[in-house]
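This report concerns only the one structure given below.
The values are calculated or read from the model by the stated rules, or taken from the named source; none is laboratory data. These numbers were taken from a predicted model, which means no experiment stands behind them. Because the Cβ atoms are built from the backbone with ideal geometry, glycine has one as well, and the counts that use them run over all protein chains shown. These area figures cover heavy atoms from the full protein model, side chains too; ligands, DNA and RNA do not enter into them. Shrake-Rupley method; radii C 1.70, N 1.55, O 1.52, S 1.80 Å.
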Amino acid sequence: MELTYYADFAVRLVNTEEPERGTDTLTSVEVVRELFGGHRQAARRVSDADVNRLRAVRARLRAVFAAAGEQDEFRAVDLLNTLLMEYPASPQIAGHDYRDEDGNPRWHLHLAENPVNAGAGYAAIACMGLAVSLTELGVDRLGVCNSDPCRNAYIDTSTNRSRRYCSDRCATRANVAAYRARKRAESGRHTSAGRPAEDK
């Protein structure tokens, strides 16, 4: 498994909150367990304290995406480096689960799950994955959705670095809103153009 896979941990965590809408789904142990996805061993260790731990990490990860979205790459890197120092990851070589056509192991790096608590483990995985994506793809590939009030985080994996929205749904909604705004503006111009000039 490539380490860039772990960047999705950061995206999933950040997107448990929609500040513009005032919603927050990171409210229980069950939600934290769902964030771990297929990492069931780590998910079993989740406690009530991990909810608050991850809320604190979430705010700091959102700041990384926001800085990147504002093209402030040095700030984004500094914020992420601080998180990496606080939540160090333990990469290990694995390959016993993946075999090539000859039956030989496909050696790859993955992140070991041996932190002091589940929240710290999740943070380490998310930060390391985001760091790998940032260095391999570029800071400009991290962003925050341009669709208000969404503001979800995303990682742009498009070939032309053109992504501005977290999903097709948000892109469609923004395009429809822009189209309607243009139509209203055109309608307003036609109305004012057909109106007789007022006496001065």
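Ranking request for peptides 86-97, 11-22, 118-129: highest mean number of other beta-carbon atoms within 10 Å first, then the rest in descending order. Numbers along the way, then the final one.
Values: 86-97: 13.4, 11-22: 16.6, 118-129: 25.5.
Per-residue Cβ counts within 10 Å, averaged per peptide and sorted highest first, yield 118-129, 11-22, 86-97.
When Rg and Dmax are taken over the Cα atoms of the chain, they come to 22.0, 89 Å. 3J(HN,Hα) along the range 18-32, derived from phi through the Karplus expression 6.51 cos²θ - 1.76 cosθ + 1.60 where θ = phi - 60°, amounts to 10, x, 5, 9, x, 10, 8, 9, 7, 10, 7, 4, 4, 5, 4 Hz, with x in place of Gly and Pro.
Given the Cα-Cα distance of ASP168 and GLU136 and 0.36 nm per residue of separation, how much length would full extension add, in nm? Let's see the in-between values first.
Numbers: separation 32, 0.36 × 32 = 11.52 nm, distance 2.44 nm.
Going from the current span to full extension adds 9.1 nm.
Roll a 1.4 angstrom probe over the protein heavy atoms and tell me the percent of accessible area of the chain that is carbon or sulfur.
After summing per-atom areas, the C and S share lands at 49 percent.
Suppose a student asked you for the relative contact order of the range 3-193, using Cα pairs under 8 Å spaced at least 6 residues apart; what percent would you report?
Values: 256 pairs, mean separation 50.0, N = 191.
Reported relative contact order: 26 percent.
Under the membrane-span-like helix rule (DSSP H runs whose alpha carbons stretch at least 30 Å along the helix axis, mean Kyte-Doolittle hydropathy 0.0 or higher), the chain yields 48-69.
Which length gain, in nm to one decimal place, applies between ARG55 and THR23 when the Cα-Cα distance is subtracted from 0.36 nm times their residue separation? Walk me through the intermediate numbers first.
Details: separation 32, 0.36 × 32 = 11.52 nm, distance 1.29 nm.
Gain on extension, ARG55 to THR23, equals 10.2 nm.
Close amide H partners of ARG151, meaning residues 5 or more places away or on another chain with modelled amide H under 5 Å apart, are CYS145.
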